[in-house]
Amino acid sequence: MVTSIMIVGVGGQGSLLASKLLGRAAMDKGYDVKVSEVHGMSQRGGSVVTYVKFGDKVNSPIIDKGEADYIISFELLEAARYVQFLKPGGQIVTNSQQIDPMPVIAGTAEYPSELIEKMEAAGAKVDAIDALTIAEQAGSSKATNIVLMGVFSKYISEISKEEWIKAVEASVPAKFLDLNMKAFEMGLAAE
Amino acid sequence: MKELMLGNKAVARGLYEAGVAVASSYPGTPSTETTEEAAKFEEIYCEWAPNEKVAMETAFGASRAGKRSYCAMKHVGLNVAADPLFTMSYTGVNAGMVILVADDPGMHSSQNEQDSRHYAIAAKMPMLEPADSQEAKDFVIEAYDISEQFDTPVLIKMCTRVAHSQSVVETGERAEIPVKPYVKDAAKYVMVPANAKRRHPIVEERTRKLVAFAEESHLNRVEEGSDTSMGIITSSTSYQYVKEVFGDKYPVLKIGLINPLPEKKIKDFAAKVDKLVVVEELDPIIETHCKTLGLEVTGKDIFPLIDEFSQGLIATKLGLPEKPACKPIEGLPGRPPAMCAGCPHRGMFYVLSKLKLTVMGDIGCYTLGATPPLCAIDTTECMGASISSLHGFNKALGADAEKKTVAVIGDSTFMHSGMTGLANIAYNQTNSTVIILDNSITGMTGHQQNPTTGFNLRGDPAGKIDLEALVRAMGINRVRVVDPYNLAEAEAAVKEELAAEEPSVIISRRPCALLKKVKRGEPIQVNPDKCKSCKACMKLGCPAISFKDGHAHVDTTQCFGCKVCSELCKFGAFETLAGEAITW
């Protein structure tokens, strides 16, 4: 059994730290783990995708259409963009924040409406949460990624809260540990 | 110890364990982290060279001196370093030398999709191809042994999905490798025709020995399968996709030494299966080899020559059904990469776009100047081509073109291969206008130092090349520095230099907004009562400015406080968060 998770968002939102955290927690649990990232050109405010897979034995580092158990999204439109990678009935955990892409900024397109309904109609289960506001309450908008990981952690029964917290400790710089711990706890507690 | 490691970090770990002493590279996605991670080991001297050719020659010098050496580059970087590559194959090495080249199938961050395996064949050099992080580390160590055993530099070919995927790696200890004393040997190292003629047969003999090695080496391994109706030969990340789809069902010949390929091992494998299939990204290298062995093989007749593969692609091409999935949502707007809020390149591109100039572009973050709404760049090919092709363009069309055409190139790209193009302008004289976009860093690959920044790879103070003095010394008399945040100054400079009757260089200088040392300005906002909805500020394509409820709107979490937008507003609608007028 392999669990497949896509982490998607806008370049610069901190998806690399989120995947590091998840990969770390799964490896400490004794799973085989693969994480695939995209660097370079795609990071400059573009749509970014990271794949995290864990299980007894993981071969391919990437996730194809219809393979993801979960999508964690840092931005609403990006969650919708990758919905076809989800298994039917798969779970989306998304930040409800909206960031206009360049075609919307340039006025050649509109930010789509009713995205949550559209994702549900496409066959996904959706848990949308205002992670940005929670992160600001925790102390910094930069902790949005950790808030979302806190929300997501509830869905992964294989990894206990204590194990997640150990992974957070190992993944963030010491001087930001308190902030990130608070952000994780607030994400975990969010309804 | 077990650790979850990026493929590129695993390469660095391999360098450490192999006792490597010197590494010289030029950054290029997806190869960059191998050298950055190697620099975290005190035992390995690491540097950014001005370009890949210099890096390869530096590494070769270290090998000749008797210490194990390394250089890394992306696929197109190997084109730059191809000259030394082909002749180093003749001279061989002293201590072991490894050249890493990282391909980018799917072009996540590249201008083409070339298959670097051709270079190994053409240069007659062994090439190893790891399929995950553990192999990346192990193959590096193996490559140094092959290098010293067969007296040749060894290539390691990565691809994006191996370089930028993390998987579990078992680490080991560093081997202390004694220095192999340098011995003068003109017949081996002086490649004049008489000596090279004697080296070429040695190269051919070496390849014969390497083929014999390939037959026996564990680098090429057969994994048995329960169903011999099909057998698959594959390598690199394609191997992982094949295993994902079929597990242990069909026999697999997993190739780790991609050049030279074994002959008997492949024939024996083919004899055991009913149908032979080769799964490889990009060009049919293994497939062509199989065909020269007289084998019937399925390969590029069903698999594409373009883009990267996936398990889904392999499954469907081999007749399996598509997996059920959530339905895609149609009609979503794209999210292409864009220049960051506060990017110093934006102001200059605004000026070039406003003046409707023809702009020869180059390789770097500033290539994003080609995207809407600025659409300021006409061309992009390779490192340095902006300047050289501007000269050719102007030679072809004369004064008409010279007044309307410029080249833009970054500071690091200028040092890489822009200087020689400028030498041609100074020497063969066109009244060309070259704009060096000096953001004081190598940006796109993730902030690497270069010869103009004054710091080395580890961030310590280093030699610093003065761009103005360099350009003047090359024979360009008209050199000026402008601040791209100051649109009026930048526009005046471009107009004056285009009008000048001699070559000129404008240095558009401001550090990358993402650099830690760069202080963020105070965000600004739009006063909706003053905004006349003219959308002049929207022409900048700043990700922090959007049009909401009939007015321009600044996303203050994204705003960098560069205030360039306020220069475009005729109505003074931009103001500080306290509601005060913008001042400079």
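The values are calculated or read from the model by the stated rules, or taken from the named source; none is laboratory data. Because the structure is a prediction, the values reported are computed rather than measured. Quick reminder, even Gly has a Cβ in these numbers, built from the backbone with ideal geometry, and neighbours come from all protein chains shown. With ligands, DNA and RNA removed, areas are computed over all heavy atoms of the protein, side chains included. Shrake-Rupley method; radii C 1.70, N 1.55, O 1.52, S 1.80 Å.
Tabulated data
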{"read-out": "Test: residue in segment B:248-266 that is part of a helix (DSSP H, G or I), closer than 22 Å to B:Met158 by Cβ and out of contact with any Gly (no Cβ under 8 Å at 6 or more places or on another chain)", "value": "no"}
{"read-out": "Selected residue [within 24 Å of the chain's Cα centre (by Cα) and touching a residue at least 40 places away in the same chain (Cβ under 8 Å)] from B:Gly347, B:Gly342, B:Gly384, B:Gly364", "value": "B:Gly364"}
{"read-out": "Tally, over segment A:65-78, of residues that are touching a residue at least 24 places away in the same chain (Cβ under 8 Å) and facing another protein chain (nearest Cβ under 10 Å)", "value": "6"}
{"read-out": "Total residues in segment B:481-514, condition buried (at least 17 other Cβ atoms within 10 Å of the Cβ) and assigned to a strand (DSSP E or B)", "value": "7"}
{"read-out": "Test: residue in segment B:225-244 that is of a type in the set (Lys, Arg) and either more than 14 Å from chain A (Cβ to nearest Cβ) or more than 27 Å from B:Ser167 (Cβ to Cβ) (or both)", "value": "no"}
{"read-out": "Close pairs (6 angstrom Cβ cut-off, 6 or more residues apart or separate chains): at the interface with chain B (Cβ under 8 Å from one of its Cβ atoms) and touching a residue at least 40 places away in the same chain (Cβ under 8 Å) in segment A:101-119, surrounded by 11 or more Cβ atoms within 10 Å (Cβ to Cβ) and part of a helix (DSSP H, G or I) anywhere", "value": "A:Met119/A:Ala80; A:Met119/A:Val83"}
{"read-out": "Meets criteria (in contact with a Ser or Thr (Cβ under 7 Å, 6 or more places away or on another chain) and under 25 Å from B:Thr29 (Cα atoms)) for B:Ala385", "value": "no"}
{"read-out": "Selection from segment A:12-35 of residues that are at the interface with chain B (Cβ under 9 Å from one of its Cβ atoms), charged (D, E, K, R) and open to solvent by 40 Å² or more (accessible area, probe 1.4 Å)", "value": "A:Lys20, A:Arg24"}
{"read-out": "Flag for B:Glu36 being under 30 Å from A:Gly30 (Cβ atoms), within 14 Å of chain A (Cβ to nearest Cβ) and among the charged types (D, E, K, R)", "value": "yes"}
{"read-out": "Residue list for segment A:110-140, restricted to those being part of a helix (DSSP H, G or I), over 27 Å from B:Ala338 (Cβ atoms) and open to solvent by 30 Å² or more (accessible area, probe 1.4 Å)", "value": "A:Glu117, A:Glu120, A:Ala121, A:Gln137"}
{"read-out": "Test: residue in segment B:165-186 that is assigned to a helix (DSSP H, G or I) and more than 30 Å from B:Ile306 (Cα to Cα)", "value": "yes"}
{"read-out": "Counted residues, segment A:82-96 - those being buried (at least 20 other Cβ atoms within 10 Å of the Cβ), facing chain B (nearest Cβ under 10 Å) and not in a helix (DSSP H, G or I)", "value": "4"}
{"read-out": "Scan of segment B:448-480 for residues that are open to solvent by less than 60 Å² (accessible area, probe 1.4 Å) and within 22 Å of the chain's Cα centre (by Cα), ordered by number", "value": "B:Gln448, B:Gln449, B:Asn450, B:Pro451, B:Thr452, B:Thr453, B:Asn456, B:Leu457, B:Gly459"}
{"read-out": "Segment B:288-316 residues that are away from chain A (no Cβ under 14 Å), paired with ones that are open to solvent by less than 40 Å² (accessible area, probe 1.4 Å) and among the small types (Gly, Ala, Ser) (beta carbon under 6 Å, 6 or more apart)", "value": "B:Leu295/B:Ala270"}
{"read-out": "Residues being within 14 Å of chain A (Cβ to nearest Cβ) and at positive phi - total across segment B:515-564", "value": "5"}
{"read-out": "Residues satisfying the stated conditions in segment B:26-42, i.e. open to solvent by 10 Å² or more (accessible area, probe 1.4 Å) and among the β-branched types (Val, Ile, Thr)", "value": "B:Thr29"}
{"read-out": "Residue in segment B:256-266 that is more than 26 Å from A:Gly66 (Cα to Cα), in contact (Cβ under 8 Å) with a residue 12 or more places away in the chain and surrounded by fewer than 18 Cβ atoms within 10 Å (Cβ to Cβ) present", "value": "yes"}
{"read-out": "Residue within segment A:98-109 that is touching a helix residue (DSSP H, G or I) at 6+ places or on another chain (Cβ under 7 Å), in a helix (DSSP H, G or I) and surrounded by fewer than 23 Cβ atoms within 10 Å (Cβ to Cβ) present", "value": "no"}
{"read-out": "Some residue of segment B:174-186 being in contact (Cβ under 8 Å) with a residue 60 or more places away in the chain, in contact with an Asp or Glu (Cβ under 8 Å, 6 or more places away or on another chain) and hydrophobic (A, V, I, L, M, F, W, C)", "value": "yes"}
{"read-out": "Every residue from segment B:402-439 that is under 26 Å from B:Leu368 (Cα atoms), surrounded by fewer than 21 Cβ atoms within 10 Å (Cβ to Cβ) and either in contact (Cβ under 8 Å) with a residue 60 or more places away in the chain or in contact with a Lys or Arg (Cβ under 9 Å, 6 or more places away or on another chain) (or both)", "value": "B:Lys403, B:Lys404"}
{"read-out": "Subset tally (residues that are crowded, with 24+ Cβ neighbours inside 10 Å and within 17 Å of A:Ser96 (Cβ to Cβ)) for segment A:153-191", "value": "2"}
{"read-out": "Top-ranked residue of segment B:214-223 - restricted to ones that are in contact (Cβ under 8 Å) with a residue 12 or more places away in the chain and part of a helix (DSSP H, G or I), ranked as surrounded by the most Cβ atoms within 10 Å (Cβ to Cβ)", "value": "B:Ala214"}
{"read-out": "Checking B:Lys157 against (1) open to solvent by 10 Å² or more (accessible area, probe 1.4 Å); (2) assigned to a strand (DSSP E or B); (3) within 14 Å of chain A (Cβ to nearest Cβ), the condition it does not meet", "value": "(3)"}
{"read-out": "Condition check for A:Asp56: more than 9 Å from every other protein chain (Cβ to nearest Cβ) and open to solvent by 10 Å² or more (accessible area, probe 1.4 Å)", "value": "yes"}
{"read-out": "Strands (runs of 3 or more DSSP E) wholly inside segment B:43-106 that include at least 1 residues being in the same structural domain as B:Pro181 (by TED's automatic domain parsing), surrounded by fewer than 22 Cβ atoms within 10 Å (Cβ to Cβ) and of a type outside the set (Lys, Arg)", "value": "B:45-48"}
{"read-out": "Residue ranges of strands (runs of 3 or more DSSP E) in segment B:515-584 with at least 1 members without any contact (Cβ under 8 Å) to a residue 12 or more places away in the chain and surrounded by fewer than 19 Cβ atoms within 10 Å (Cβ to Cβ)", "value": "B:545-548"}
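Results for (1) of a type outside the set (Lys, Arg); (2) surrounded by fewer than 16 Cβ atoms within 10 Å (Cβ to Cβ); (3) within 30 Å of B:Glu296 (Cα to Cα); (4) not assigned by TED's automatic domain parsing to the domain that holds B:Gly299, shown as yes or no for each residue.
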site: B:Gly172; (1), (2), (3), (4): yes, yes, no, yes
site: B:Pro181; (1), (2), (3), (4): yes, yes, no, yes
site: B:Tyr189; (1), (2), (3), (4): yes, no, no, yes
site: B:Pro193; (1), (2), (3), (4): yes, yes, no, yes
site: B:Arg198; (1), (2), (3), (4): no, yes, no, yes
site: B:Pro201; (1), (2), (3), (4): yes, yes, no, yes
site: B:Lys209; (1), (2), (3), (4): no, yes, yes, yes
site: B:Ala212; (1), (2), (3), (4): yes, yes, yes, yes
site: B:Asp227; (1), (2), (3), (4): yes, yes, yes, no
